[in-house]
1. Among S222, S152, T168, pick out the residue whose Cα is farthest towards the positive end of the charge dipole of the stretch 151-264, where Lys and Arg carry +1 and Asp and Glu carry -1 on C-beta, about the Cα centre.
2. Just how large is the dipole of the chain about the Cα centre, in debye to the nearest 20, putting +1 at every Lys and Arg Cβ and -1 at every Asp and Glu Cβ?
3. How large is ³J(HN,Hα) for each residue in the stretch 452-467, as worked out from phi by the Karplus curve 6.51 cos²θ - 1.76 cosθ + 1.60 (θ = phi - 60°), to whole Hz, x for Gly and Pro?
4. For a quick check: with amide H placed at 1.01 Å from N, whose amide H comes under 5 Å from V317's, ignoring anything fewer than 5 positions away on the same chain?
5. Considering only T454, G534, V469, whose Cα is most displaced toward the positive end of the charge dipole of the stretch 412-554, charges sitting on Cβ of Lys, Arg (+1) and Asp, Glu (-1)?
6. Whole-Hz Karplus ³J(HN,Hα) for the stretch 272-277, in order, using 6.51 cos²θ - 1.76 cosθ + 1.60 and θ = phi - 60°, x for Gly and Pro?
7. Could you sort 401-413, 427-439, 496-508, 250-262 so that the peptide with the highest average Cβ count within 10 Å comes first and the rest follow in order?
8. List, in order, the whole-Hz ³J(HN,Hα) value for each residue of the stretch 173-187 obtained from phi through the Karplus relation with A = 6.51, B = -1.76, C = 1.60 and θ = phi - 60°; use x for Gly and Pro.
Amino acid sequence: MARTAGARTVRAPHGVELTCRGWAQEAALRMLMNNLDPDVAERPDDLVVYGGNGRAARSWQDFDAIVATLRELADDETMLVQSGRPVAVFRTHEWAPRVLISNAMIVPEWATLEEFRRLEDAGLTMFGQMTAGSWAYIGSQGILQSTYETFSAVASKRFGGTLAGTLTVTAGLGGMGGAQPLAIAMNGGVALCLEVDQDKIDRRMRLGYLDTQAEDLDSALSLALAAREQKRALSIGLLANAAEVLPQIVARDVPVDIATDQTSAHDPLLYAVPDLSPEDAADMRVHDPKTYVLHARAAMADHVEALCALLDRGAEVFEYGNGIRVEADLGGFKRALDFPGFIVAYIRPLFCEAKGHCRWIALSGDPADIATIDAAMLEEFADNRSVTRWLRLAARHVRVQGLPARTCMLGYGERARAGKLINDLVRDGKVSAPVAIGREHLDSGSVASPYRETEAMIDGSDAIADWPVLNAMLNTASGATWVGVQHGGGTGVGRSVHTGMVVVADGTPQAALRVDRVMTNDPGSGVVRHADAGYQRAVEFAAEQGIRMPSLDA
Ligand code: NAD
């Protein structure tokens, strides 16, 4: 396939030499480049990082302009990035973020997929997905712990704490979905993963996320059922379209214990349709997108109907954050919302204490820095079994992908402790260069997404989008190094508003304060969002932690 104009291979600089005027700017530059590293990004030639069409910059020309601007940016200046294009540099002050980003924001009445595509085709906007457009993506490892914890929660709820002896059927082995087979196997289970793109299957096997590929459905099922019987962990990829093959799995009465999906359903143009050849599909996507969307929604209706059939037979079924239920509903299947999204089913109680996934990235490029932080974290959180269990598992299973990184699920209070520990290690020279600290957008306080993070809030506030905007402003005021507010990530255009942030720990006293403020206030906004909605645990937790909420006092 021809490369997009200007495409080239990008990798972040490694080592301790600055190519910018300060570590804040250097961190933004290295993270932007890391997002597009061919080992990290799904389609780097098109600037697509993950999530179907989530880009890091609007065009290669804009990428070059961002890089040139970061190289010159002073410590009291801030670059504004409007949907992947660096539109201005203003004098601010040393404590201000070096970069402020807004991606794909559209006035609500215009925020439809059709209008977004018109604006995108006109070169006026860019889909940033979640961590792509706010330069914090680190490959499938970024979602691995979250996926692992979700399947652990399924194991605890239904299967006595382990997935040994269970079969999970899912689809989509892309940037995020590719974490599923490893996460299921790490929980002891068998994963059968349907994927239409052979390159994705090869990539997951190469990166150590998928054990094997089956030639056809018969051999996939015999491998899967033997491993299920023997209570042996195994992940199997099958080159297949989920809308076609999941109904066959139902028809054969396969004993499926768990079913979900991570195809790129958030944008129907990205969902593969079984009744079109790849050539016809490619042609129709370009020349007749409306008809393609009709085909895709009909296929998603078949796909979700099969998921509901598994639900009726007693399987644990949930949507995995890609909006497939609402697309199936639009495709005419009216029971699509019979099963819940994964946040409602397993994650919400964690959100009440702002427990979510942070990540730290060694800007040196040296995996030894991550090992040093791992060791210090194991000591600092020695009495926290969830942290120590994960860090040990991650050190064993997660391969380096781009800049070395680690994720860890931490809540309010814990994140500030981790941030201080990392900044101290940089200060003391135990870690060789500064560290970028960020988080998932799958987060408690920085996302409004009625089909995912804020589905079925107890006060009905699912679509209230003040929270991510407040979170962006709070992170800006608290000294984050860059902040991005975005629209449409996860479940699609018109369906979410969310904020990302990164703060750089460079070992200086100023960084110590910035890291402390950001790593306290950012999760604090999550506790507040849930306490304000009336979740009792969040109300109690806010009181225990001394988080001031005048609205509750009143
Ligand atoms: P991706 O585009 O990298 O991968 C999607 C994969 O689905 C592709 O490999 C594609 O070939 C495959 N596919 C498409 N249609 C198919 C079909 N009918 N049958 C089988 N395979 C099919 O996207 P991603 O980064 O893996 O994200 C997947 C989805 O999950 C997106 O909708 C994204 O918005 C959402 N998401 C979920 C989370 C989460 O926490 N669960 C986080 C971020 C994003």
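Where a number appears in this text, it was derived from the coordinates with a stated rule and is not lab data. Everything numeric here is computed off the predicted structure, so don't read it as measured data. Backbone-built Cβ (ideal geometry, glycine too); neighbour counts: all protein chains shown.
1. Value: S152.
2. Numbers: 53 positive and 71 negative charges, 213 e Å.
So the dipole magnitude of the chain works out to roughly 1020 debye.
3. Going residue by residue, I get 9, 4, 10, 5, 6, 5, 5, 9, x, 8, 3, 9, 5, 9, 5, 4 Hz, with x marking Gly and Pro.
4. When sequence neighbours closer than 5 places are left aside, the close amide H contacts are A259.
5. Selected residue: V469.
6. Per-residue couplings from phi come out as 6, 9, x, 8, 10, 5 Hz.
7. Values: 401-413: 23.4, 427-439: 21.8, 496-508: 27.1, 250-262: 19.5.
Top to bottom by mean Cβ count within 10 Å: 496-508, 401-413, 427-439, 250-262.
8. With coefficients 6.51, -1.76 and 1.60, one gets 10, x, x, 8, x, x, 7, 4, x, 5, 5, 5, 5, 4, 8 Hz.
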